[in-house]
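The values are calculated or read from the model by the stated rules, or taken from the named source; none is laboratory data. The structure presented is a predicted model; accordingly, all values stated were derived computationally and were not measured. Cβ placement follows ideal geometry from the backbone for every residue including glycine, while neighbour counts extend to all protein chains displayed.
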């Protein structure tokens, strides 16, 4: 039952996130630009001394090639299912 709740919660949260993002973008174009320039915006606020790991990801170009929404969803769901499979074994 817990595994079902975990997967269900992930799906619900991801759908709510997409609804919230769509609502924000439709109200104000600045949100769309913010999402498209996520790496640059994150770099502007992530202090190098305090968050060296985050800045290493930024410097490596991690946020330059954005995944699709479907790829992001599938990646998260796969990690959850991997964890459930490990638990079952």
Checklist line | Long-range neighbours under 9 Å by Cβ, at least six apart or interchain, first residue on the phi < 0 side of the Ramachandran plot and without any contact (Cβ under 8 Å) to a residue 24 or more places away in the chain within segment 65-89, second in a loop (DSSP other than H, G, I, E, B) and exposed (fewer than 10 other Cβ atoms within 10 Å of the Cβ) | finding: none
Next item on the list: Go over the candidates 40, 66, 49 one by one and state the one that is assigned to a loop (DSSP other than H, G, I, E, B) and surrounded by 12 or more Cβ atoms within 10 Å (Cβ to Cβ).
Entry: 66
Margin query: I'd like to check something: does segment 76-88 contain any residue that is at pLDDT below 95 and under 23 Å from residue 9 (Cα atoms)?
Written below: yes
Margin query: Cβ-Cβ distance below 9 Å, separation of 6 or more or different chains: which pairs start in segment 26-54 with a residue that is under 15 Å from residue 66 (Cβ atoms) and end on one that is loosely packed, with under 10 Cβ neighbours inside 10 Å?
Written below: 39/61
